[in-house]
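Participant: Got a structure for you, questions after.
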Amino acid sequence: MEKEWDIVEVLRHSRHDWLNRLQLIKGNLDLNRIDRAKAVIDEIIIEAQHESRLTNLKMPLFASLLLKSNWENPSFKLEYEVLQDSDSFQMDEERITNWTCLFFHCLNEAIEAFQENHLSISIDPQSDGVRFFLILAG
């Protein structure tokens, strides 16, 4: 059900994403839209902070699923945020990863492809567990 990614594929997709972001910044600078270029940079910084928090959750299978989601799920764009750093919770990583994988599969089957479909996931680690907030728009 899940594609096996080798390091070359991951780097190729990641490089493509970074080049798109750099072109967006360069294009805005060329058009003298300094404020928009700064906004894109700020968005990149925020995404990197959430990515760092995600990988710090010590749930590598779950983090991997979210990190490669936009490469694997053509029907929706995933955005996620981790609301705070925390390592003081217990979580059945395999269970949440399997559930999320099945959820993504159901979304891909249920929603119309090539439309403006966005899934936002907020992850709120707490001392007694993790809370997830999912919003689908499209």
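Participant: With charges set only on the Cβ (+1 for Lys and Arg, -1 for Asp and Glu), what does the dipole of the chain come to about its Cα centre, in debye to the nearest 20? All intermediate terms of the calculation are to be shown ahead of the outcome.
Facilitator: Working: 14 positive and 24 negative charges, 99 e Å.
Computed charge dipole of the chain: roughly 480 debye.
Participant: From the backbone phi of the stretch 55-69, what are the Karplus-calculated ³J(HN,Hα) couplings (6.51 cos²θ - 1.76 cosθ + 1.60, θ = phi - 60°) in whole Hz, Gly and Pro given as x?
Facilitator: Using θ = phi - 60°, the values come out as 5, 7, 6, 6, 10, x, 5, 5, 4, 4, 4, 6, 5, 9, 4 Hz.
Participant: Full extension from residue 43 to residue 113: what is 0.36 nm times the residue separation minus their Cα-Cα distance, to one decimal in nm? Before the final figure, lay out the partial values.
Facilitator: Working: separation 70, 0.36 × 70 = 25.20 nm, distance 2.56 nm.
So the chain would gain 22.6 nm between residue 43 and residue 113.
Participant: A further question follows. Over the chain, what percent of the accessible surface lies on carbon and sulfur atoms, probe 1.4 Å? Each step should come with its number before you reach the end.
Facilitator: Numbers: 5040 of 9410 Å².
Summing carbon and sulfur atoms, their accessible area is 54 percent of the total for the chain.
Participant: Once phi is turned into θ = phi - 60°, what whole-Hz ³J(HN,Hα) does the Karplus curve with 6.51, -1.76 and 1.60 give for every residue of the stretch 10-24, x standing for Gly and Pro?
Facilitator: Working through the residues one at a time gives 4, 5, 5, 5, 5, 4, 4, 4, 5, 5, 4, 5, 5, 5, 5 Hz.
Participant: Further question: Mind checking which of 24, 73, 122 is farthest towards the positive end of the chain's charge dipole, using Cβ charges of +1 (Lys, Arg) and -1 (Asp, Glu) about the Cα centre?
Facilitator: 24
Participant: Just the number please: accessible area per residue for the stretch 44-134, 1.4 Å probe, all protein chains included, in Å². Don't jump to the answer; show the numbers that get you there.
Facilitator: Working: 5440 Å² over 91 residues.
I get 60 Å² per residue for the stretch 44-134.
Participant: With viscosity set to 1.306 mPa s at 10 °C, what whole-number translational diffusion coefficient in µm²/s follows for the chain from Stokes-Einstein and a Kirkwood radius over Cα pairs? Write down the numbers at each step before the final one.
Facilitator: On the way: Rh = 16.6 Å.
Rounded, D is 96 µm²/s.
Participant: Compute and list, largest first, the equivalent-ellipsoid semi-axes of the stretch 38-101 from the alpha carbon gyration tensor, each √(5λ) rounded to a whole angstrom. It would help to have the intermediate numbers written out before the result.
Facilitator: Numbers: eigenvalues 92, 61, 11 Å².
After diagonalising the Cα gyration tensor, the semi-axes are 21, 17, 7 Å.
Participant: Considering only DSSP beta bridges where both residues belong to the chain, give the percentage that are antiparallel (nearest 5).
Facilitator: Close to 60 percent.
Participant: Where does the charge balance sit around residue 99 when Lys and Arg score +1, Asp and Glu -1, over other residues with C-beta under 13 Å from its C-beta? All intermediate terms of the calculation are to be shown ahead of the outcome.
Facilitator: Values: positive: 95; negative: 92, 93, 94.
That works out to -2.
Participant: Given R₀ = 41 Å, FRET efficiency for residue 7-residue 120 by Cβ-Cβ distance, to 0.05? Provide the component values of the computation, followed by the final result.
Facilitator: Numbers: r = 29 Å, r/R0 = 0.70.
Computed FRET efficiency for residue 7 and residue 120: 0.90.
Participant: Sort 39-47, 109-117 for me by packing, meaning the mean count of neighbouring Cβ atoms within 10 Å per residue, highest on top. List each step's numbers first, then the result.
Facilitator: Details: 39-47: 13.0, 109-117: 10.3.
The packing order, highest mean first, is 39-47, 109-117.
Participant: Taking amide H atoms as placed 1.01 Å from N in the peptide plane, list the residues 5 or more away in sequence, or in a different chain, whose amide H sits under 5 Å from that of residue 117.
Facilitator: Counting only residues 5 or more places away or on other chains, the set is 77.
The values are calculated or read from the model by the stated rules, or taken from the named source; none is laboratory data. None of the values given here were measured: they were computed from a predicted structure. Every residue, glycine among them, receives a Cβ derived from its backbone with ideal geometry; neighbour counts consider all protein chains shown. For the accessible areas, the whole protein counts, side chains as well, though only heavy atoms, and no ligand, DNA or RNA atoms are used. Shrake-Rupley method; radii C 1.70, N 1.55, O 1.52, S 1.80 Å.
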